[in-house]
Amino acid sequence: IINIIIIIIIMDRALNKLILPLQQGPDLSLGQFLKTVEECCPQTAYAVKLKLHEMANGELKDMEYFFYDLPNPYIAFDSEAYKTSVVGLFMRHMFLAYDKLSFSQVYKLYKSLQQYYHSHYAKPSDGQVGLPALVADDSDMDLTNPEDAVGDRIDKEELDTPLHESELSRGPLSQKQAEYFLARQAYLLKNDENKALKPAALQEELNNMLKFNPDFAEAHYLNYLNSMRVQDIFLSAHSLLHYFDRLILSGNEGKSNGDEGYGRSLRYAALNLASLHCRFGHYQQADLALQEAIRIAQESNDHVCLQHCLSWLYTLEQTRGSDSTVLTEDSVKMAAHFCLPYLASLGIQSLVQQGATQGKTAHKLMDALKDTDILHWKHSLSELIEISLAQTTSIWRMYGKSTMALQQAQLLLNMSSLEPVNFGVQQNNTEAFAVALCHLAELHAEQGLYGAVSEILQHLKEQFPPHSQHAKLWMLCDLKIQFERHMNEGKYHLAEPLVTAISALNKTEGLYRKAQVLKALNRSTEAYSILQRLQVHCEKTKCTEVVIRVMLSTAELHWESSGFSTALPLLLQALALARQHHLQSLASETILHLAFTQLMLGVPEQALCVLHEACIEPVLAHGAVMDKGRALLLTARWQAGNTLEAAAYFFRLNCKERLRDVHYLQAQLHRSLGQTSQCNKSAMLFRLLDQELQSPAPPVSMRL
């Protein structure tokens, strides 16, 4: 009984949620309407089918009886159709309109109902011509008396379901329907782009809408948002300018604020244009538009607009590689003074990001983020809470604390949004979610869990389609994971084509991986030249992580020519840089390189001491599977028992080249101990891998 009651309550709630969208949306075909109602409440859908069948296949009196049989909104106190309810108001409007119809108009309405019903069940494939075209225009289904100049018009209603291309371009919509359509599509573009119309279909509908009303400002703004989805800079700017032009011409701003309303539209138009150019990387045009917005805002003494301008000003400075700390701090102070918590929090998050790249300690950054989180929860700033968690995930990952990064990513993904849920959509396709999922995929790839990686990337592809704004994040993530996997497996011919794709999304990452491939193919001179150019570029742009990785790759090139003494100062410089910026993961990797170099220089005791004192614990706690395997393999030269565990790590990554090294060392060890059978087994495994790889095995002593 309890379960039945719960089901009834859930069905009632679902039906109640459908009522308002049903009255506000554009028209639906009968099939789409019945399908949507059936998904919500099969019993109600069945009752609707029966009633429609009875009226459409009956006589005119059946439709008249339907109106007389409906509950009276004036006296039905215990019904959903009470006069003050949404349904009651609609029924009162319908009754008044129906009572005004003449007999001929009632008959025409009945014939239109029959056509609406039978057109759904008609099958053109049967060779039938179909029913006579009784409906000539949209007015046939209206309960409006055309002779009554002041007669109200029944609004065409639709259930809250995604619109498809078949529903588009069916003539002009009413103002109410158009506003509902625009609001719904804008909300879906912000919160769940997959449920919105496809870019081409939405563009077609907007063109149709603007054809009937070119001065519809909101339609121009949605056109701007739609153009941003496909990175169309020309149409985006065109639609944005048209939006503000129509806004001024409509007088909506001026009616309430006089001349100030027009000025407000102008300065925010310039500000939006600046943000548009900044997004497309047109920084000079963005700067010009921003200066114009600042000038107009200063003339009008608009402190709020000036604060938005200041926020974009320090953002532009950051993109140019300049130190914008002072500007950001000023922005935070002024935003707090004018009680603008959103801008103040954004400024603090920007300062945290700058602090992370400048080598600030983790506890200082986390304290700053903690203060902003208090502000977020106080003002229910859901979007900034998500950004804060994604930023914390990135910071922990940069510092090499993979466990903490994993925890923060999971916290974000399992957090319920504070945003109101409209159209059955949760806010889960923001940039913060994309960043967290990409970190999650890379963390799993580092542990060799490629099955989980595939599932995460598949979810990213579904949630962020290729044409969407944040799709580049998972595209780059996917390419990097594929590249590292092919390199680990020694499939350099598969890794090489990925370099071009990575370069298209990130030139720096692409150039670094091109050097990695060239180094693996023994084209050392070309690889060294690229690494030197890349290091100079990254030092100018203050990309410390890439600088350290370039130094490590350069040291490996020195190893190939037995230049261990040349590699030593480079590794010490990389270690100092990593420790200065608190990059534990890169510091541990640098120590691995340093210990290997010391081992080759003939100071194995010092190498083992450095390895155990500063590297083994962080690597085993937070490191990738590759780093764990390399650390244990290096230690295995002293502790032969660790070769088995190292082999397990390399086996998980299918890293056959290093598995070959492990089997070689095991064969040497068993031979020295007189264990002939174990020695033969390891030698056989080494021989099989050597034949499979079909490449000469470098001396084990020449590889980390």
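The values are calculated or read from the model by the stated rules, or taken from the named source; none is laboratory data. Not measured: the values here are computed from a predicted model. Neighbour counts run over all protein chains shown; Cβ positions are idealised from the backbone, glycine included. When the accessible area is computed, the model is the full protein with side chains, heavy atoms only, and any ligands, DNA or RNA have been set aside. Shrake-Rupley method; radii C 1.70, N 1.55, O 1.52, S 1.80 Å.
With every protein chain kept in the model, how would you rank His303, His467 by accessible area, 1.4 Å probe, largest at the top?
Sorted by accessible area, descending: His303, His467.
Give a quick list of chymotrypsin sites (Phe, Trp or Tyr not before Pro) in segment 541-640 that DSSP marks as loop, anything other than H, G, I, E or B, with at most 14 other Cβ atoms within 10 Å.
In loop regions of segment 541-640 (DSSP not H, G, I, E or B), the sparsely surrounded chymotrypsin sites (Phe, Trp or Tyr not before Pro) are Trp638.
With θ taken as phi - 60° and the coefficients 6.51, -1.76 and 1.60, list the Karplus ³J(HN,Hα) couplings across segment 588-597 in order, rounded to whole Hz; mark glycine and proline as x.
Along segment 588-597, the couplings run 5, 5, 5, 5, 4, 5, 5, 5, 4, 5 Hz.
Charges at C-beta only: +1 for Lys and Arg, -1 for Asp and Glu. How large is the resulting dipole of segment 311-418 about its Cα centre, in Debye rounded to 20?
Value, rounded to 20: 260 debye.
Tally up the carbon and sulfur contribution to the accessible surface of segment 173-250 as a whole percent, 1.4 Å probe, everything protein left in place.
Carbon and sulfur together cover 60 percent of it.
What is the percent carbon and sulfur in the accessible area of segment 258-375, measuring with a 1.4 Å probe over the protein chains and ignoring ligands?
56
Which pairs in the list Lys461/Lys507; Lys360/Lys461; Lys35/Lys211 are over 25 Å apart, alpha-carbon to alpha-carbon?
Lys360/Lys461; Lys35/Lys211
Which net charge results when you count Lys and Arg as +1 and Asp and Glu as -1 among the other residues whose beta-carbon is under 10 Å from that of Thr357?
+1
Placing unit charges on C-beta atoms (Lys and Arg positive, Asp and Glu negative, everything else neutral), compute the dipole magnitude of segment 498-553 about its Cα centre in debye, rounded to 20.
Charge dipole, segment 498-553, about its Cα centre: 60 debye, nearest 20.
Residue-wise, which Karplus ³J(HN,Hα) couplings in Hz belong to segment 521-534, taking 6.51 cos²θ - 1.76 cosθ + 1.60, θ = phi - 60°, and x for glycine or proline?
Values, residue by residue: 8, 6, 9, 5, 5, 5, 5, 5, 5, 5, 5, 5, 5, 5 Hz.
Residue by residue through segment 104-111, which ³J(HN,Hα) values in whole Hz follow from phi under the Karplus form 6.51 cos²θ - 1.76 cosθ + 1.60 (θ = phi - 60°), with glycine and proline marked x?
Computed from phi, the couplings for segment 104-111 are 5, 6, 5, 5, 5, 4, 5, 5 Hz.
Near Lys111, which lysines are there with a Cα under 20 Å away, not counting those fewer than 8 places off in the same chain?
In chain and number order, the partners are Lys49, Lys51, Lys61, Lys100, Lys123, Lys156.
When each pair of different Cα atoms in segment 450-497 is counted once in the 1/r mean, what is the Kirkwood radius in angstroms, to one decimal?
Taking the inverse mean of 1/r over all distinct Cα pairs, segment 450-497 comes out at 11.5 Å.
Considering only protein heavy atoms and a 1.4 Å probe, what is the carbon-and-sulfur percentage of the accessible area of segment 436-569?
53
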